[in-house]
Amino acid sequence: MKNYFIIFIALLILSSSSCKEKEENSNKIQNPPFSGTIFIDPDIITSADETIFLSASYTGHNIRTMFDRRVNDWITVEAYLFEATFDDGSTCEIQVNPEFGSSDNAFVEAKKIGIEVGRLPKALRLDVETIWIHKGIQPFGGGNNNILIHTGQAENYIRGGILEETLVHEAAHTSLDKNHGSSPGWLSAQIEDGVFISTYAEEHPNREDIAESFLPYLAIRYRSKRISQSTYNTIVQTIPNRIKYFDDQLFNVHPMD
């Protein structure tokens, strides 16, 4: 009788563990919850938020080589040049396509973008050495120590309320991809999470996962009151190990802190 009792208790324990495991698996996110993370919420960073941009000083015009998505190639032009300065001591050169017609017109665009870049966390501006500005409705770009801007597309992003969110994505490419995208810790976090935050990240895991994950990370850590509880829960349930990886880096996120 005693042996039967022991077996019965063991079966209860196994059954309870199995049910708990099934419940945990059912609660786990199985598929990317978003198509692209720049669309999660337009209020993660807004035009009303603090910017640490100070000025865009015109330094003249000179030959510069920039990438232009309208021709999908590099172009060499005599660009209008501005030195953008920020109150943390960082600087970058803003190179404006001569198609804008005058240094005054170019200054308007340089200042506009400089202000928005000044809202980004310092960790995302560390490797931004240049900003290219062209006309046209083409996607922004990040990398090459640069952020690529097409002003027609910028207007579309402004209307959609996601200009700042898009800049976070591109600046993450510029300042985070190189040091973190293929690091053992990040690759391990990808495996442990077992799912991507967006279908865009899933389709391009080596190229887009850092940039797609960092904006949601900023949202839950520094702007949690601006997103819905369901969005918050979805993010922390989908990429907990990526979140921990970002936490462990102790990024300087001023002026979002």
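Things to note:
- Qualifying residue in segment 182-191 (condition: free of Cβ contacts under 8 Å to residues at least 40 places away in the same chain, part of a loop (DSSP other than H, G, I, E, B) and either more than 16 Å from the chain's Cα centre (by Cα) or closer than 20 Å to residue 32 by Cα (or both)): yes
- Residue pairs whose Cβ atoms lie under 6 Å apart, sitting 6 or more positions apart in sequence or on different chains, and linking a residue in segment 19-44 that is acidic (Asp, Glu) to a partner that is part of a loop (DSSP other than H, G, I, E, B) and at pLDDT 60 or above, are 41/227.
- Within segment 148-160, residues that are among the acidic types (Asp, Glu) reach no partner that is at pLDDT 95 or above with beta carbons closer than 6 Å at six or more positions or on different chains.
- The residues of segment 27-49 that are small (Gly, Ala, Ser), surrounded by fewer than 14 Cβ atoms within 10 Å (Cβ to Cβ) and in contact with a helix residue (DSSP H, G or I) (Cβ under 8 Å, 6 or more places away or on another chain), listed by number, are 35, 47.
- Residue match in segment 249-256 (condition: out of contact with any Gly (no Cβ under 9 Å at 6 or more places or on another chain), assigned to a helix (DSSP H, G or I) and without any contact (Cβ under 8 Å) to a residue 60 or more places away in the chain): no
- Count - residues of segment 150-165 that are within 11 Å of residue 44 (Cα to Cα) and assigned to a helix (DSSP H, G or I): 3
- Flag for residue 82 being under 25 Å from residue 105 (Cα atoms), buried (at least 19 other Cβ atoms within 10 Å of the Cβ) and not charged (D, E, K, R): yes
- Residues satisfying the stated conditions in segment 200-241, i.e. among the charged types (D, E, K, R) and under 23 Å from residue 141 (Cβ atoms): 202, 203, 207, 208, 209, 212
- Top-ranked residue of segment 123-135 - restricted to ones that are over 17 Å from the mean Cα position of the chain (by Cα) and not in a strand (DSSP E or B), ranked as surrounded by the fewest Cβ atoms within 10 Å (Cβ to Cβ): 129
- Residue 138 being outside any helix (DSSP H, G or I), buried (at least 17 other Cβ atoms within 10 Å of the Cβ) and more than 21 Å from the chain's Cα centre (by Cα): no
- All positions within segment 59-79 that are over 20 Å from residue 139 (Cα atoms), surrounded by 16 or more Cβ atoms within 10 Å (Cβ to Cβ) and not small (Gly, Ala, Ser): 61, 64, 77
- Residue in segment 181-195 that is under 29 Å from residue 70 (Cβ atoms), modelled with pLDDT of 95 or more and of a type outside the set (A, V, I, L, M) present: yes
- Looking across segment 192-222, the residues that are touching a residue at least 40 places away in the same chain (Cβ under 8 Å), buried (at least 18 other Cβ atoms within 10 Å of the Cβ) and either over 17 Å from residue 40 (Cα atoms) or not hydrophobic (A, V, I, L, M, F, W, C) (or both) come down to 193, 198, 200, 212, 213, 216.
The values are calculated or read from the model by the stated rules, or taken from the named source; none is laboratory data. Predicted model, so just to flag it, every value in this text is computed and none were measured. Virtual Cβ from ideal backbone geometry, glycine too; neighbours counted across all protein chains shown.
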